[in-house]
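Participant: Pasting a structure here, questions to come.
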Amino acid sequence: MTAKVEKVEDIEIRLLLDAIYRRYHYDFRSYAMSSVRRRLRQARTDFDCATISALQEKVLHDPDMMPRMLGYLTVQVSEMFRDPSYFLAIRKKVVPHLATYPSLKVWIAGCSTGEELYSLVILFREEGLEERTLFYATDINRDALAQAEAGVYDIDRMRQFTENHRLSGGSTSLSDYYQTGYNRCVLDKTLRRNVVFSDHSLVTDQVFGEMHLVSCRNVMIYFDRDLQDRAVGLFRDALPRSGFLGLGAKETLRFSHHAAAFRDFVPDDRIYQRIGS
Amino acid sequence: MTGTPQKAVIIGASAGALEALSAILPDLPADFACPVYVVVHVPPHSRSVLAQIFSAKCQLPAVEVSDKEPVAAGRIYFAPPNYHMLIEDEGHVALSSDAEVLFSRPSIDVAFESAADVWGEGLTGIILTGANHDGAQGLQAVVAGGGVAIVQDPATAYASAMPEAAIASCPQARVMSLAEITSYLKGACA
Ligand SMILES: C[S@@+](CC[C@H](N)C(=O)[O-])C[C@H]1O[C@@H](n2cnc3c(N)ncnc32)[C@H](O)[C@@H]1O
């Protein structure tokens, strides 16, 4: 390919991400550029800035901007039992292995507003594993973590959640786990009994313990390939032999530097098992 | 017909997509010199079968992409259900689970805009049949990037709203029948 002149907007984006890193220590410098471009263009329009450089000035000089920028740079879209077949596969194929351990640790990396976490807690309760399990729910977006910890969802989302839960092989009724009022559903707080919420970045932080299952869905799609390798490296280190890693429906380890450390466990649902040392 | 030899093709279609794509993709020769990205509105909670259908009918291999799928000339890449497909660089796509755009995920606009960023004047963007306005803005981005914009003649489309909206927002677009689009592609991407 001929050497290309970098577009001005791309230069501005790189400078902005660098500024955010130096000023606020959030590191988006290796996120997938196509998504970052799109989200920052939205932010530029919403904050009435003529250029990304103008946006950068605001971000640098107004600390209140950073939490709002996080809303653009991270994507908070989630669903309980999203892709029911994933949770069905956890239930039918992963749980029987996990049931052989006296105590369990599960890491939901990039848990967003908690839907994936609560799906797994409910599933583990249904399968009789909850009491021996410690769940770590991590994300870099503190607003999202606070919502995850609150466990309150709009009532109009429950129909989809309930249908998903049923398709995931749920043996109970989702309505057993929440109370409704003011058009909202408040999840039973006992679901949080064994959950630790924590601000943790797959980009800048390290592994914090040995896990039996890591579920990291639709988080690494926002990373470039090098950063994906870093994150998968963390999961490789967190998982002992025969530990499990679950990804989003269209994510794969096929292109990863660490592919050889895992084997396909349920290929259709992107569940992998750690092999080797 | 076109000054710059084309390096990539992106196609967006909705209602009536299967027939329209069937009139184009199977005719592309095995040595087709561009990658072909295809965004079709498919229901979010289904397993899409488009890639299977077209790999059976086409001379070019067709896949439904995973995140960071490597991309090469002479292959067809379908956006998966329930994700946006973005063109990350000349050799890869990236997926995103951002909110729906114009009630669609995958969104044609999102894919076209990202393709225009990466491929610029080497890109041909094509809007086919459909019953909504997705793609109109994306096609504008293709033109703004110096690429070639083509729209299926609404009179020949199963659903005319999408090509009509694309023409309205993008008057520079060439309006063609499916047969004309196919022969244009064979000429421009040889
Ligand atoms: C689309 S949501 C995925 C939610 C959930 N896992 C699911 O699949 O439904 C992506 C989440 O990844 C989080 N995230 C982005 N970068 C991260 C990082 N470096 N470390 C940890 N989480 C991150 C975002 O804040 C967001 O909550």
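The values are calculated or read from the model by the stated rules, or taken from the named source; none is laboratory data. Please read these numbers as outputs of a predicted model, since none were measured by experiment. We place every Cβ from the backbone using ideal geometry, glycine too, and count neighbours over all the protein chains shown. Ligands, DNA and RNA are excluded from the accessible area calculation, which covers all protein heavy atoms including side chains. Shrake-Rupley method; radii C 1.70, N 1.55, O 1.52, S 1.80 Å.
Participant: Nearest 5 is fine: what % of DSSP beta bridges in chain A come out antiparallel, could you say?
Facilitator: Working: 15 of 33 bridges.
Rounded to the nearest five, the antiparallel share is 45 percent.
Participant: Here's another thing I want to ask about it. Using only protein heavy atoms and a 1.4 angstrom probe, determine the accessible area buried between B and A, summed over both sides, in Å² to the nearest 100. Don't skip to the end; give the middle numbers.
Facilitator: Numbers: alone 7900 and 13950 Å², together 19310 Å².
Its buried surface, counting both partners, is about 2500 Å².
Participant: For chain A, what does the relative contact order come out to in percent, with C-alpha contacts under 8 Å and a separation of six or more?
Facilitator: With pairs under 8 Å counted, the relative contact order is 17 percent.
Participant: With all protein chains present, calculate the accessible area of residue B:45 using a 1.4 Å probe and round the result to the nearest 10 Å².
Facilitator: 110 Å²
Participant: Which residues make up the longest stretch of chain A clear of GluC sites (Glu not before Pro) that lie in a DSSP loop with no more than 12 other Cβ atoms within 10 Å, not counting the sites?
Facilitator: The segment A:7-209 is the longest one with no such site.
Participant: Report the calculated FRET efficiency for residue A:41 and residue A:193 (r = Cβ-Cβ distance, R0 = 25 Å), to the nearest 0.05. Before the final figure, lay out the partial values.
Facilitator: Values: r = 43 Å, r/R0 = 1.71.
Once the sixth-power term is evaluated, E becomes 0.05.
Participant: Going from most exposed to least, what order do B:4, B:156 have by accessible area with a 1.4 Å probe?
Facilitator: Order by accessible area, largest first: B:156, B:4.
Participant: I would also like to ask the following. Among residues other than residue B:58 whose Cβ falls under 11 Å from its Cβ, what is the net charge (Lys/Arg +1, Asp/Glu -1)?
Facilitator: +1
Participant: Please state, rounded to one decimal and in Å, the Kirkwood hydrodynamic radius that the stretch A:45-160 gives when every pair of distinct Cα atoms enters the mean of 1/r.
Facilitator: 16.6 Å
Participant: Pop out the carbon and sulfur fraction of the accessible area of chain A as a percent, whole number, probe 1.4 Å.
Facilitator: Looking at chain A in its full context, I get 48 percent from C and S.
Participant: Quick one: check the C-alpha center-to-center distance for the stretch A:1-54 versus the stretch A:149-180, whole angstrom.
Facilitator: Each part reduced to its Cα centre gives a spacing of 38 Å.
Participant: What angle, in degrees between 0 and 90 and rounded to the nearest 10, separates the Cα long axis of helix A:115-126 from the longest principal axis of the Cα atoms of chain A?
Facilitator: So the inclination is approximately 10 degrees.
Participant: Give me the extension gain from residue B:18 to residue B:57: residue separation times 0.36 nm, minus the current Cα-Cα distance, reported in nm with one decimal.
Facilitator: Extra length from residue B:18 to residue B:57 when fully extended: 12.9 nm.
Participant: Let me ask another. Counting only protein heavy atoms and using a 1.4 Å probe, what share of the accessible area of chain B belongs to carbon plus sulfur, as a whole percent?
Facilitator: Whole-percent figure for carbon plus sulfur exposure: 55.
Participant: Oh, and also: Quick check for you: with a 1.4 Å probe and neighbouring chains kept, what is the accessible area per residue of the stretch A:1-142, in Å²? Present the calculation step by step, with values, prior to reporting the outcome.
Facilitator: On the way: 6270 Å² over 142 residues.
Value for the stretch A:1-142: 44 Å² per residue.
Participant: Take the Cβ-Cβ distance between residue A:166 and residue A:229 as r, set R0 to 35 Å, and report the resulting FRET efficiency rounded to the nearest 0.05. Working shown, then result.
Facilitator: Numbers: r = 37 Å, r/R0 = 1.06.
Taking R0 as 35 Å, the efficiency between residue A:166 and residue A:229 is 0.40.
Participant: Kindly identify the stretch A:124-265 as rounded, prolate or oblate by the Cα gyration tensor criterion: order the square roots of the eigenvalues as a ≥ b ≥ c, call it rounded if a/c is under 1.5, otherwise compare a/b with b/c, prolate if a/b is larger, else oblate. Can you show the working numbers first?
Facilitator: Working: a/c = 1.84, a/b = 1.69, b/c = 1.09.
In terms of gyration-tensor shape, prolate.
Participant: Count the net charge of all other residues whose Cβ sits under 13 Å from the Cβ of residue A:72, scoring Lys and Arg as +1 and Asp and Glu as -1. Don't jump to the answer; show the numbers that get you there.
Facilitator: Values: positive: A:37, A:38, A:39, A:41, A:44, A:58, A:68; negative: A:46, A:143, B:98.
Charge balance near residue A:72 sits at +4.
Participant: Further question on the same structure: Give me the one-decimal nm value for the distance between modelled label points at residue A:48 and residue A:24, 7 Å along each residue's Cα-to-Cβ direction.
Facilitator: 2.0 nm
Participant: Treating the angle as unsigned and between 0 and 90°, give the value, to the nearest 10°, between the Cα long axis of helix A:225-238 and the longest Cα principal axis of chain A.
Facilitator: With both axes taken from Cα atoms, the answer is about 30 degrees.
Participant: How many percent of DSSP beta bridges within the stretch B:8-185 run antiparallel, rounded to 5?
Facilitator: Roughly 25 percent of the beta bridges in the stretch B:8-185 run antiparallel, per DSSP.
Participant: What's the average, rounded to a whole number, of partner chain beta-carbon atoms within 10 Å of each residue's beta-carbon in A:25-36?
Facilitator: Across the residues of A:25-36, the mean count of other-chain Cβ atoms within 10 Å is 4.
Participant: Can you give the accessible area of residue A:176, probe radius 1.4 Å, in Å² rounded to 10?
Facilitator: 100 Å²
Participant: On to the next question. Just to be sure I understand: of the beta bridges DSSP finds with both ends in the protein assembly as shown, what percent are antiparallel, rounded to 5?
Facilitator: Of all bridge pairs located within the protein assembly as shown, approximately 35 percent are antiparallel.
Participant: Counting only other chains, and only Cβ atoms inside 10 Å, what mean value do you get across the residues of B:80-86?
Facilitator: For this peptide, the per-residue mean of nearby foreign Cβ atoms is 4.
Participant: Mind checking B:66-73 for the average number of partner chain beta-carbons within 10 Å of each residue's beta-carbon?
Facilitator: Average per residue, whole number: 6.
Participant: Within the stretch A:218-253, list the trypsin sites (Lys or Arg not before Pro) lying in a DSSP loop whose Cβ has at most 13 other Cβ atoms in a 10 Å radius.
Facilitator: A:241
Participant: Among A:245, A:30, A:40, pick out the residue whose Cα is farthest towards the positive end of the charge dipole of chain A, where Lys and Arg carry +1 and Asp and Glu carry -1 on C-beta, about the Cα centre.
Facilitator: Of the listed residues, the answer is A:245.
Participant: Go through B:68, A:93 and list them by solvent-accessible area, largest first, probe radius 1.4 Å.
Facilitator: Descending accessible area places them as A:93, B:68.
Participant: Got a sec to turn the phi values of the stretch A:201-211 into Karplus ³J(HN,Hα) couplings, 6.51 cos²θ - 1.76 cosθ + 1.60 with θ = phi - 60°, whole Hz, x for Gly and Pro?
Facilitator: Per residue, the Karplus-derived 3J(HN,Hα) values read 10, 6, 8, 10, 9, 9, 5, 10, x, 8, 10 Hz.
Participant: State the Cα centre-to-centre distance between the stretch B:75-130 and the stretch B:42-59 in whole Å.
Facilitator: Value for the Cα centre distance between the two parts: 16 Å.
Participant: Over chain B, what is the relative contact order in percent, taking alpha-carbon pairs closer than 8 angstrom and at least six residues apart?
Facilitator: Values: 467 pairs, mean separation 45.3, N = 190.
Reported relative contact order: 24 percent.
Participant: Where a ≥ b ≥ c are the square roots of the eigenvalues of the C-alpha gyration tensor, would you call the stretch B:8-185 rounded, which needs a/c under 1.5, or, failing that, prolate if a/b is larger than b/c, or oblate? Write down the numbers at each step before the final one.
Facilitator: Numbers: a/c = 1.18, a/b = 1.10, b/c = 1.07.
Note, shape of the stretch B:8-185 comes out rounded.
Participant: Tilt of helix A:8-24 relative to the longest C-alpha principal axis of chain A, in degrees (0 to 90, nearest 10)?
Facilitator: 60 degrees
Participant: With all protein chains present, calculate the accessible area of residue A:33 using a 1.4 Å probe and round the result to the nearest 10 Å².
Facilitator: Approximately 20 Å² of residue A:33 is accessible to the 1.4 Å probe.
Participant: How about the stretch B:3-65: which trypsin sites (Lys or Arg not before Pro) there lie in a loop by DSSP and see at most 16 other Cβ atoms within 10 Å?
Facilitator: Taking the stretch B:3-65 and a limit of 16 other Cβ atoms within 10 Å, the loop trypsin sites (Lys or Arg not before Pro) found are B:47.
Participant: Among the Cys residues of the protein assembly as shown, which have no other cysteine Cβ under 4.7 angstrom away?
Facilitator: Lacking a cysteine Cβ partner under 4.7 Å: A:49, A:111, A:185, A:216, B:58, B:170.
Participant: On average, how much accessible surface per residue is there in the stretch B:83-185, in Å², for a 1.4 Å probe, leaving out ligands, DNA and RNA?
Facilitator: In whole numbers, the stretch B:83-185 has 32 Å² accessible per residue.
Participant: Taking N as the number of residues in the protein assembly as shown, what is its alpha-carbon radius of gyration divided by 2.2 N^0.38 Å?
Facilitator: Its radius of gyration relative to the 2.2 N^0.38 Å reference: 1.01.
Participant: May I ask you to rank A:107, B:119 by accessible area, largest first, using a 1.4 Å probe over the protein chains only?
Facilitator: On the way: A:107 0, B:119 30 Å².
Sorted by accessible area, descending: B:119, A:107.
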